[in-house]
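Engineer: Pasting a structure here, questions to come.
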Amino acid sequence: MTLELKKSFSLAAVGLCSLSLQAGISSNNITPEAEFVPGELIIKLRDGFTISDLSSFKSGLIRQKRKLKTSFGNYFVAQTSSKSSIQSLTAIIENDEQVLYAEPNFIYRSIVLQEKLNFLAPNDPKLSELWGMNNTGSNDPNGSRGVEGADIDAYKAWEVTTGSKDVKVAVIDTGIDFTHPDLAENIWENEAEANGETGVDDDENGFIDDVKGWDFANGDSNPYDGHSHGTHCAGTIGAVHNNDEGVAGVMAEVSLVPIKFLSDAGSGTTANAVEAINYATSLDVDVMSNSWGGGGFSSALKEAIEAAAEQGIVFVAAAGNSSSDNDTRPHYPSNYQVENVVSVASHTAQDALSSFSCYGRTTVHIAAPGSRIL
C-alpha cells in the first residue's frame, strides 16, 4: 500500500485522537523547557563498533546501559556521572571517530485533552454526543451552540466504508485497555505468539510472547493501559459499532496495536520511543498514532520516523497543547520534516482553534475535532 493510499484510507481515524540531516546535538536543539533523563545520552555509533571502543568509555566518563533494538542504526543508551553540561558532554563524546552523534534521552508526555468531560461510563450508545463525527450544532457536551457540519463527516464516510481488520493502527501511547468491551474485538493479535509456546519467541522478532503488542516502558509483553490516555485514543480510532457499549470509533473495524512507551504516569523517553516506533515499523502497520510530545530535536527519533516512512507508514502526531506557534517554537515529534508526518491541531465544535492547541502556518498540517471528545 502506498503512502498516499494509506493517508487517504485511515487518516481521519487518528486525526481526532492526536489531539488529545544527521548532526550532533547543539544548543539550538535543546529548548529551555526540554526535559531529559539526567545523566543519560543516546549515542549513535558507526556500524561494527560498541561503546567499549570509545575513549570516553575507557576513561570512565560514560558506561553502557543498553543497546537499542532497532533495524536502522547502531544506537546505545549511555550513563554518565559527570556534572558537565549536556552540550559539553556530547562534544567530548563526538570527538571519537566511531561516533556519529550523541544527544540527550529526552522525556515526552502524553498530550491530554484539556477540556475534559465529567460523565460516568455510559451503559447506552453515546454516538449522538460525538460532535466530531456529526456536528448538529446542538450536541457540544457543554451545551454551547456549535457550527453544524464542523466535523469529519463520519456518516458520509461510513456510506463508503466502516473500516477493515486489514488496517493496522499502532497506538503508541500509554497502552490500551484491551479487555474494554468497546475495544476487545478490534485489538490486534500476533497469531504466531498466540498459537505458540509461552516463554518462547515463536516469530523470532526479538520479543517473547508479544501476543498483543509490547510495553517498552516496563520491558514486558503486557501493554495494558494503567493511565487511560491510550485507551481514549484507541476508542476514538476504533471503538466497536452497534454493540450497545459506550461510543463509536471512526472505524467500526480495525486492528489496534497496543504499543506502550509512556508509563502509567504518562511520560516516556526518547530511547523507548525509538524502540516503540521501530517495533511498529517491523509489524508493517498502516498508521502510527502519536498523541504525545516534548523534549528537543532528536536525530534518533527522526531516523526512526524516516524508517517508517520508507515503508509507507503514516505517522500522525499531535501538534501540542501549549497554545504556541510551532513555526517559531518547535514541538516534537510533530515538527519533524519527514514526508509521512501529519501534524494535527485541535478545533472546537464552534469551528475555532481550541484554546490550548498549538498551531503553525508551515508546520501544522490539519485540525481535527479535539475539544470535549467523549
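The values are calculated or read from the model by the stated rules, or taken from the named source; none is laboratory data. The structure presented is a predicted model; accordingly, all values stated were derived computationally and were not measured. In this analysis, Cβ positions are derived from the backbone assuming ideal geometry, glycine residues included, and neighbour counts consider all displayed protein chains. Protein only, heavy atoms only, side chains kept; ligands, DNA and RNA dropped before computing areas. Shrake-Rupley method; radii C 1.70, N 1.55, O 1.52, S 1.80 Å.
Engineer: Quick one: work out the % antiparallel among DSSP beta bridges in the chain, nearest 5.
Structural biologist: Antiparallel: roughly 45 percent of the beta bridges in the chain.
Engineer: Based on the alpha-carbon set only, what is the convex hull volume of the stretch 137-232 divided per residue, in Å³?
Structural biologist: 144 Å³
Engineer: Determine the gain in length on full extension of the stretch residue 67-residue 147; use 0.36 nm per residue of separation and subtract their C-alpha separation, reporting nm with one decimal.
Structural biologist: Length difference between fully extended and current span is 23.7 nm.
Engineer: How many nm is it between the label spots at residue 350 and residue 200, if each spot is 7 Å from the Cα in line with the beta carbon?
Structural biologist: 6.1 nm
Engineer: Measure of size requested: the Rg and Dmax of the stretch 184-233, with Cα atoms as the atom set and Å as the unit; please supply both.
Structural biologist: 11.7, 32
Engineer: Leaving ligands, DNA and RNA out of it, report the carbon-plus-sulfur percent of the accessible area of the stretch 62-202 at a 1.4 Å probe. Display every interim value, and only then the final one.
Structural biologist: Details: 3360 of 7320 Å².
Using a 1.4 Å probe with all protein chains present, the stretch 62-202 comes out at 46 percent carbon and sulfur.
Engineer: Roughly speaking, to the nearest percent, how much of the stretch 218-374's 1.4 Å accessible area is carbon and sulfur?
Structural biologist: Here carbon and sulfur together make up 43 percent of the probe-accessible area.
Engineer: Treating only the Cβ atoms of Lys and Arg (+1) and Asp and Glu (-1) as charged, compute the dipole magnitude of the chain about its Cα centre; round to the nearest 20 debye.
Structural biologist: Roughly 1400 debye, rounded to the nearest 20.
Engineer: Can you give the log10 of the normalised intensity I(q)/I(0) at q = 0.15 Å⁻¹, computed with Debye over equal Cα scatterers of the chain?
Structural biologist: -1.29
Engineer: Okay, moving on. Would you tally the net charge around residue 310, using a Cβ to Cβ cut-off of less than 11 Å, leaving residue 310 out, and scoring K and R as +1, D and E as -1?
Structural biologist: On the way: positive: none; negative: 303, 306, 339.
Counting the neighbours of residue 310, the net charge comes to -3.
Engineer: For a quick protection proxy, order the peptides 302-315, 44-57, 259-272 by their average other-Cβ count within 10 Å, most packed first. Write out the running numbers ahead of the final one.
Structural biologist: Details: 302-315: 21.2, 44-57: 16.1, 259-272: 23.7.
In decreasing order of mean packing, 302-315, 44-57, 259-272 become 259-272, 302-315, 44-57.
Engineer: Next question, about the same structure. Using 0.36 nm per residue, how much length does the chain from residue 33 to residue 220 gain when fully extended, once their Cα-Cα distance is taken away?
Structural biologist: Length gained, residue 33 through residue 220: 64.2 nm.
Engineer: Another question, then. Take residue 88 and residue 157, extend 7 Å from each Cα along the Cα→Cβ direction, and tell me the distance between the two endpoints in nm.
Structural biologist: Roughly 5.2 nm, to one decimal.
Engineer: For residue 367, what charge total do you get from the other residues with a beta carbon under 14 Å from its beta carbon, if Lys and Arg give +1 and Asp and Glu give -1?
Structural biologist: Its environment carries a net charge of -1.
Engineer: Where does each of 331, 365 land when they are ordered by accessible area, with a 1.4 Å probe and the largest first?
Structural biologist: 365, 331
Engineer: Also: Roughly how far apart, in whole Å, are the Cα centres of the stretch 190-236 and the stretch 143-183?
Structural biologist: With the stretch 190-236 and the stretch 143-183 each reduced to a Cα centre, they are spaced 22 Å.
Engineer: Still on this model: Which GluC sites (Glu not before Pro) does the stretch 187-252 hold that lie in a coil by DSSP with at most 15 other beta carbons within 10 Å? Don't skip to the answer; put the middle values down first.
Structural biologist: Details: sites: 189, 191, 193, 197, 204, 245; in loops: 189, 197, 204, 245.
Counting only loop positions with at most 15 other Cβ atoms within 10 Å, the GluC sites (Glu not before Pro) in the stretch 187-252 are 189, 197, 204.
Engineer: Quick one: Debye curve from the alpha-carbon atoms of the stretch 219-374 only, equal weights, vacuum; give me log10 I(q)/I(0) at q = 0.16 Å⁻¹ to two decimals.
Structural biologist: Normalising to I(0) and taking log10 leaves -0.97.
Engineer: Rolling a 1.4 Å sphere over the protein heavy atoms, what is the accessible area per residue of the stretch 149-229, to the nearest Å²? Could you put the intermediate results ahead of the total?
Structural biologist: On the way: 3960 Å² over 81 residues.
Averaged over the residues of the stretch 149-229, the accessible area is 49 Å².
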